[in-house]
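A.B. asks: The structure is given below, and queries will be raised subsequently.
The values are calculated or read from the model by the stated rules, or taken from the named source; none is laboratory data. Here the structure is a predicted model, which means the values were calculated and not measured. Ideal geometry is used to build each Cβ from the backbone, glycine not excepted, and the neighbour counts take in all protein chains shown.
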Amino acid sequence: MRALAAATFSFAILLRIIIGFHPHSGQDDYQGPTVGIASNPVKYGGDYEAQRHWMEVTLHLPISEWYYHDLQYWGLDYPPLTAYVSWACGWVAHNVGSRFDGNRPPDTCAVADGEECSETPGSSDGLVELKDLVALNSSRWGFEGRAGKMYMRITVLVLDICVYMTAVWTIAKRLVPPTNDEASMPGYFTTSQQQRTWLVLTALCQPAIVLIDHGHFQYNTVSLGLALWSFHYMTLEDSRTTSFYGPVIGSVLFSLALNFKQMELYHAPAVFAYLLGRCFRHGSERRTIGVQTTIKFFSLGVAVMWQGMFFRLSSVYHDSMYLKSCRKVANIWCALSVKPFSIRNRIPQDMLPIAALGLTLLLILPICGMLFRAGERKQSVGDDLKILLWGASGTALAFFLASFQVHEKGILIALAPLSMLALDAPRFVSFFSVVATWSLWPLLVIDQLQSPYFCSIMIYTCIESLMKVQIQSTDNDECIIKFLAPVSVVVMIVLHLLEFLVDPPQSLPDLYPVLWSIAGCGLFSLLYLMILAAVWALLQQQDYHKIRKGGRNTVGVPAALAMSLLLLSMPEPIAPLVVMMSRTKGSKLNAHAFESVPDLELTPSLLSRAAEPLPWEVARAKEKTPVLDLSSARDLSSTLSLAEGAAEEGRSDENPSREFLEPWMDGTLWKSTELALSSLGIDTRQALDRAPQLLRLPTEQVVQAAAFVLDFCNSSTKLIRLDPTLLCYDVLDLEHGLGQYLPNMMFRGNATQAAVSVRTQLALSPTMALAVVKMGIDGGMEERRVSRALGSAGQASGKATQTIVHETGRTYRGFKKTKDGKSSLG
Amino acid sequence: MESLFLLGQSLTRPPSICRDYPPGFAFFEYALSNNPITTRLLRSDWLDEKCLALLPDSDNEPSNSCIEFQRITVIVSDVVLFAGAYFATSAMKRLGEYRCGRAPLTTFFLVVSNPGLFLLDHIHFQYNGMMLGMLLISIGCLVRGSELGPSTVASQRWELSGAACYAFLLSMKHLYVILAPLYLVYLFRRHCFVSTGTDDGGIQLRFSISRLACLAFVTLASFLGPFVPFLVQNDPVDQIVQIMTRLFPFDRGLVHDYWAGNLWALYLFIGKIMAFVLRKLPLPSGAKDKLRVIIPFPVPSPRIVAVCMLIGLIPVIRQAWAVGTWSHTRSQISNPGKFFIHGVVFSSLSGFMLGYHVHEKAIMTAIVPMTLVAANTRNTARYFRMNMFGVFGLLPLLYRPNELPLKTFVYISWIFGTAVALERVAGYQTVMQFADKMCLVFLGVVFVFMEIIHPLVFGKTFEFLPLMLTSITCSVGLIWLWGEETEELLQSSGKSSWR
C-alpha cells in the first residue's frame, strides 16, 4: 500500500513539475496573441510577476506599508495570510541567495534565459540569483531567470504538497475507509485501496487546478487545501469531543482559507448553513449550552465575515475591471450581455450589482437550506462530508454563475470539493472537470499553455477512463450526463477546430471568447442543476439510511421491516437469495439459545388442553370415517346430522381414556421439540401456552412447520409469536396453503409476490398478515379436503349428486334469504 | 506519457550535425525534412527556414517552434515503439509466457513508459524509441517464428522478416551491431538447416543452401539498401570510407565523457586509485619506477577491446548454436524464443560492459528487451535492478539545476510505479526485497551527494567526482547483473536432446 500511495503522489508531483517547465502567465510580458508583447508602462507580466513582487514587498518593507506600497505596480490585493506566505518565501530566497553572494562571478549570465552560460554540471551559481529575485525595486520588470523561476515553482509545489495533497489524502481516507483485511494481505490490493488510489489520483490530476497553479502560476491550492481540511474537521465523527472541537477547528481552518484568498467566500454560505444546522442538532448525548454557543459564535463569525466581504466587494463592482474581464467568463451576466439580450443596456448600471446579489442568493438558498437540514440531523459520518462537499461546490458554482466581477479561475473553487466525489458520480465529476478546464482556454491561450492544456486533459481522461474500467461504480443519475457529455464534448472540439481553422470576421473580433462564454455558461447552469439534484438525492438517501440504521439497533422486529422494504425495491430474482442468506444468518444468531431451556412442569390441565383435537385433526378424522353413505341414505338431512353428531360424540368419549395411554404424556417428545424450536429462535413457552397441542405433535412435524413459516416470513418469528397454532399444522398443508392456494387466490399464481407482500404486510400490520396467512392455510386445507371428498364422491350415484345439488341449492336459497333480510335491515 | 514532452529547455541537436549515424538514419532525417507536412509548415510562418538550414556552429540557437517541431517528430516516431511493444508482448503472450492475465498490458506499459527512454528521447532528444521499437518488432517476429517447428513455412516467413527488420535497424544505427553474432548464429543454425529423421528415430540436420541464400538476400537487401545512393556517387570508395570513419571513431577514447558505468570505467577507476596509492605509499623509488609501468593501468587499444568483446560474446554464441540445434527436435524443453530474448539482453549487456567508447544510453538496448520477460517471476527482480542502475546512470545527462526536480521525480515515480505494477503481475515481494531497498538507499545517498552536497560544499573543485561516483556505482551494480544474466542464459538454453 505504501508503494501504491508513493507511486500516486510521485506521479502527481511529476505532472506538476513537467507543467512547471512551460511558460507562466505574462512570461516575457507576452499578453496573448492579440496583444503580443505588451508595452504597458505601468505593469509587467501577469500573476507570476505579481506574486514575485509581493515577496519583494513583504520582505523589505514594514508591515504597515505592505498594502500601500506603489499600488499601481501589482499592489497587494490578497488577504493577509497570502502576504505572510509571500514573506516566508521571500525570506528563504533572500537567505539562500545571500549565502552564495560571496563567490559571485563578476559577470553572471544566469539571467539570460536559454543561453548556454558557463554553467557546468552541478553548478550552484544559479542560486545567487535568488537574492536578486526578491531585491526591492531592482527586480521589477520581469525577473525570469531559470533559477528564479524554478524557485517560484518549487514554492508552489511545496505548499501544494503540504496543504492540498494531504487534505486530498485525508478526505479520500474518510470517504473510502480502510477495511480490516488491508493490513493482513500485503502485495494484494483490496477494493478499498484501489478505490482510494483512483480517487486520489483523479483529484490530484485535475487539469484545471494543476494548469492554473503550476502553469499560470498561483497559490490556489493553499486556500483550496485549507478549505478541504476544514470540511474534514467540520464533519468529523459525532462523538462527545469531536462534535465540539471538530466544527471549531474546521471554522478556524476555513477562516484561514478565507484569509488566504477572498475567493473562498464562494464556499462560505455552504459552510455557514451547515454549521448553523449543527448548532440545532440534538444529539443523543446532551450537549452543554456553552458548546452550542461556541459553535454558533464561530459559524456566525464566518457568516459576518462573509457578509462584510460581500458588501465590500459589491461596492467595488463599478470598477473598470469588471468591464475588462467580464467578456470571457462563462457566467450568466457575461452570457446575457451578448447582442440579442444585451442585459447591460437594459438594466441600469446601478441596479446590476443588486440584481446579481439577488440572483446569487436565489441560487445558493436551496443548497443552503439542504445543508442546514443536513447539519441539523444526526447522520452517518461519511455522508455528512459528502453532502458538505456537494453543497460547497454547488454554492461556489452559484457564485461563479451569478455574481459580479468573476474571474475564470473562480471555477476552481467549485471544482476542488467536487473532485473528491469522483467515486460517487464518476461521469459527472469527470465531465465537470473537463468543462472547467475547457472554460479556462481563453486564459491559457494568453499564457501560452496550449500544449499542456491538451496534454493534461488527455492524461486526465486516460486516468479517469482507466478508473472506470477498474472500478465498477454504482452511478445512479447517469442518464442525463450520458447524453449531455458526448454532445457537449463534440461541441467543444468543434469550437476548438473552428478557432484554429477559421479566423473570426472583422466585425466580430471577440467571436470565439463570446462563444466560449455562452457555451460554458449553458453547461455550468445545467451542471448546477445537477448538483442541486445530487444534494437533494443524498439528503433523501440519508432519510432512508436513518430508518435502516434504527432498525439495526432494536433487535428483531424492524429488521424485518427494513428487509422487506429492501426486498420490495429489489428485482424479483434477488429476493429468494436474500431470504436464504438472511435465514442462515438468523439461525446462526439464535444458536446460543440452545442450552438454556428449563424443564417444563406438566400439569394435568395442560395435558388435557394438549389433548384437545386441533380443528384440522377433527376435519381429517371426519374425513376418514365415512361421513355419509349416500347409497344407503334415505333421509339425507337426518343422515347428515346424525353422522356428524355421532362422530363428535364418539371422539369426546374417547378423550378421557386416551389421557393415560399416549406416549407423549411424559414430556420427552416435547423436550426434543422445544430444543429444536428454541434453536430456531422461537419462544417455546409462549407457544406452548397458546398452542398446547404442540406437546403431543411429533417433533419432526413441528420443526418442519416452524422452518417453513420462518422461511416464509423471511426468518422473522413475528408471525409465530402472534399465533403459535401455526406450528400445529402439517407442513404439507402449510406448503399447499401458502405456496399454492394463497397465490392462486390473491396473486395470480405468483408465489414470490405473495411471499413478499406477506412480509411487507407483516411489517406494516402483523394481524393483517396473520389473517392472510390463516386464510391461505385454512383455504388450502379446505380445498384439498373438498378435492379429496369430490374424488370419493365421484363414485357415488347420480342421485346422490342430484341430492347434493338440491341440498346446495336449498342452502343457497336459505343463505340468500337471510342475506336479503340482513341487507334490507341494513 | 506522450504529453510529457515539451520541455523546451534542453538544447536540441539540429539534424545537420547528426552525421555519425549510418545512412539509414540519414534517410530518415531526410524524410523528416522533406515531406509535404514539413513543407507546408515551412511555407506558413510557424516553422522558420533556419531550423532546417545548414548553419555554422556559431549561430545554431534553435527557435522555440523549431524545438517544438523536432520534439513532435520524436513523439510521432515513438509510434514505432508502441507498435513494437504491442507486437512483442502479444507474441510473448501467444508463447504462454505470461501467467497473469494483466501481464501483457503491464509489460506494454513498462516498455512505453520507460524512464530512460523518456529522459533520452523527449528531454535529451534522440530517436531511441523508434530504434528500440524496430528491435522489438524484430524480436517479436523471431518469437512468433519460434512457436512452430523450424521447417514450417509460417515459421520461416517470421524469421525472414525478423532478420530483415534487424538488418534495416542496423542500417539506421550501428549501435545494434553487437547483436549481430547472436542473430547470425541463431538464424544460421535454426533457419539454414533442415531436419531429417533418421532410421532410429533421431534427427539429422542437413545444411540447406537455398535457405541461406534466401536469408542472405533478404538481410543484405534491407541492410545495404540505404548505402546504394552513396555507391552511385562519383567517389563510392571515399564515401564508404568516410561513413565508416564517422561510424567507428576510434580516436575518441576508451570511455565516453560521462563515463558510462561499464567494466572499463571500473578498470580506469581502479587504475587511478592505484596510482594515487602509489604516490602516497612510502616505497623505495626503484620499486615505484617498476610499478609505474603498469600503474596507472595501460589504456587498451581498440583492437584489444574488440578481442575482449568477442570473448564476452562467446557464451551467447555457443548457446545460440546449441539452442538453434535443439530447437529442431520435437521435444523442446523450453521455447527458443525465450532464450533469444535473454540472448539479446546478454549481448547488449556485454557490449555495454566491454565496448569501446560506449554511451550510457546503450544500456537501453538491454533494458527494453528485458522488459518483455519482466512479468516472469524469475526475472522480475533482475529487471527491476537493471533498470534501477541503468536509469540512474542516465540521470547525469540532465545536468541543469532546474532539471533536478524533474529527473528526481521521474526516477522516484518510476520506481514506485514499477514496483506496484510488477508486484501485481509477478507476486508479492518479487521486487523491493531487502537488497533492492539497500541499493535504493545507497543510490539515494549517492544522488544527494552529487546533486546537493557536492555543489554546495566543494563548488567547482573535484568536478569529476559526482560523475565518477555515479558511473562506478552503476558499473558495480550492472556487473553483478551481467553475471546473473550469464547464469540465466546458460540455464535457459536447456539441455540438448540432439545427438
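A.B. asks: For the structure I just gave you, tell me whether B:LYS407 is over 24 Å from B:TRP480 (Cα atoms) and more than 9 Å from chain A (Cβ to nearest Cβ).
C.D. replies: Taking the combined requirement at face value, the residue satisfies it.
A.B. asks: Is the range B:112-134 home to any residue that is under 17 Å from the mean Cα position of the chain (by Cα) and over 18 Å from B:ILE75 (Cβ atoms)?
C.D. replies: No, that holds for no residue.
A.B. asks: Return the total of residues in the range A:417-464 being part of a helix (DSSP H, G or I) and either aliphatic (A, V, I, L, M) or under 23 Å from the mean Cα position of the chain (by Cα) (or both).
C.D. replies: 25
A.B. asks: Right, something else. Please go through the range B:414-427 and give me each residue that is over 13 Å from B:THR106 (Cα atoms) and surrounded by fewer than 23 Cβ atoms within 10 Å (Cβ to Cβ), ordered by number.
C.D. replies: The answer is B:PHE416, B:GLY427.
A.B. asks: Here's a follow-up. Under 9 Å by Cβ, and 6 or more places apart or on different chains, what pairs join a residue from the range A:374-397 that is assigned to a loop (DSSP other than H, G, I, E, B) with one that is crowded, with 24+ Cβ neighbours inside 10 Å and modelled with pLDDT under 90?
C.D. replies: A:GLN379/A:ILE387
A.B. asks: If you don't mind, another one. Among the residues of the range B:395-404, how many are more than 9 Å from chain A (Cβ to nearest Cβ) and over 23 Å from A:PHE9 (Cα atoms)?
C.D. replies: Residues flagged as more than 9 Å from chain A (Cβ to nearest Cβ) and over 23 Å from A:PHE9 (Cα atoms) within the range B:395-404 amount to 1.
A.B. asks: Name the single residue that is modelled with the highest pLDDT among those in the range B:340-371 being among the aromatic types (Phe, Trp, Tyr) and under 24 Å from B:TRP326 (Cβ atoms).
C.D. replies: B:PHE346
A.B. asks: If you don't mind, another one. Within the range A:70-95, can you find the residues that are surrounded by fewer than 18 Cβ atoms within 10 Å (Cβ to Cβ) and modelled with pLDDT under 80?
C.D. replies: A:ASP70, A:LEU71, A:GLN72, A:TYR73, A:GLY75, A:ASP77, A:PRO80
Matching residues to (1) at the interface with chain B (Cβ under 9 Å from one of its Cβ atoms); (2) modelled with pLDDT under 70:
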| site | (1), (2) |
| --- | --- |
| A:ALA112 | no, yes |
| A:VAL128 | no, yes |
| A:GLU144 | no, no |
| A:LYS149 | yes, no |
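A.B. asks: Exactly one condition in (1) on the phi > 0 side of the Ramachandran plot; (2) at pLDDT 75 or above is false for B:TRP259; which is it?
C.D. replies: So B:TRP259 meets the others, but not (2).
A.B. asks: Please find, within the range B:459-480, the residue that is farthest from B:VAL448 (Cα to Cα) out of those that are crowded, with 21+ Cβ neighbours inside 10 Å and more than 14 Å from chain A (Cβ to nearest Cβ).
C.D. replies: B:LEU478
A.B. asks: Take the range A:39-66 and flag every residue that is loosely packed, with under 14 Cβ neighbours inside 10 Å and either free of Cβ contacts under 8 Å to residues at least 24 places away in the same chain or closer than 24 Å to A:LEU211 by Cβ (or both).
C.D. replies: Once the filter is applied, which keeps residues that are loosely packed, with under 14 Cβ neighbours inside 10 Å and either free of Cβ contacts under 8 Å to residues at least 24 places away in the same chain or closer than 24 Å to A:LEU211 by Cβ (or both), the range A:39-66 yields A:SER39, A:ASN40, A:PRO41, A:PRO62, A:ILE63, A:SER64, A:GLU65.
A.B. asks: Kindly check whether there is at least one residue in the range B:374-392 that is surrounded by fewer than 21 Cβ atoms within 10 Å (Cβ to Cβ), within 14 Å of another protein chain (Cβ to nearest Cβ) and charged (D, E, K, R).
C.D. replies: Taking every residue of the range B:374-392 in turn, none turns out to be surrounded by fewer than 21 Cβ atoms within 10 Å (Cβ to Cβ), within 14 Å of another protein chain (Cβ to nearest Cβ) and charged (D, E, K, R).
A.B. asks: Of everything in the range A:672-684, what is in contact (Cβ under 8 Å) with a residue 60 or more places away in the chain and surrounded by fewer than 19 Cβ atoms within 10 Å (Cβ to Cβ)? Give them in sequence order.
C.D. replies: Residues satisfying the conditions are A:LEU675, A:SER679.
A.B. asks: Which residue is nearest to the other protein chains (Cβ to nearest Cβ), if the candidates are limited to the range B:431-458 and must be of a type in the set (D, E, K, R) and in contact (Cβ under 8 Å) with a residue 24 or more places away in the chain?
C.D. replies: Taking the candidates together, the pick is B:GLU451.
A.B. asks: Say we look at the range B:108-161 and pick out the residues that are over 28 Å from B:GLY96 (Cβ atoms) and not in a helix (DSSP H, G or I); which of these is modelled with the lowest pLDDT?
C.D. replies: Looking at residues that are over 28 Å from B:GLY96 (Cβ atoms) and not in a helix (DSSP H, G or I), I get B:GLN126.
A.B. asks: What are the pairs with Cβ atoms under 6 angstrom where one residue, in the range A:444-461, is more than 8 Å from chain B (Cβ to nearest Cβ) and the other, located anywhere, is of a type in the set (Gly, Ala, Ser) and surrounded by fewer than 19 Cβ atoms within 10 Å (Cβ to Cβ)? Sequence gap at least six, or different chains.
C.D. replies: Pairs that qualify, where the first residue is more than 8 Å from chain B (Cβ to nearest Cβ) and the partner is of a type in the set (Gly, Ala, Ser) and surrounded by fewer than 19 Cβ atoms within 10 Å (Cβ to Cβ), are A:ILE446/A:GLY32.
A.B. asks: Determine the pairs where a residue that is part of a loop (DSSP other than H, G, I, E, B), located within the range A:189-200, has a partner that is not hydrophobic (A, V, I, L, M, F, W, C) with Cβ atoms under 7 Å apart, the partner being 6 or more residues away or on another chain.
C.D. replies: Pairs found: A:THR190/A:THR179; A:THR190/A:ASP181; A:THR190/A:GLU182.
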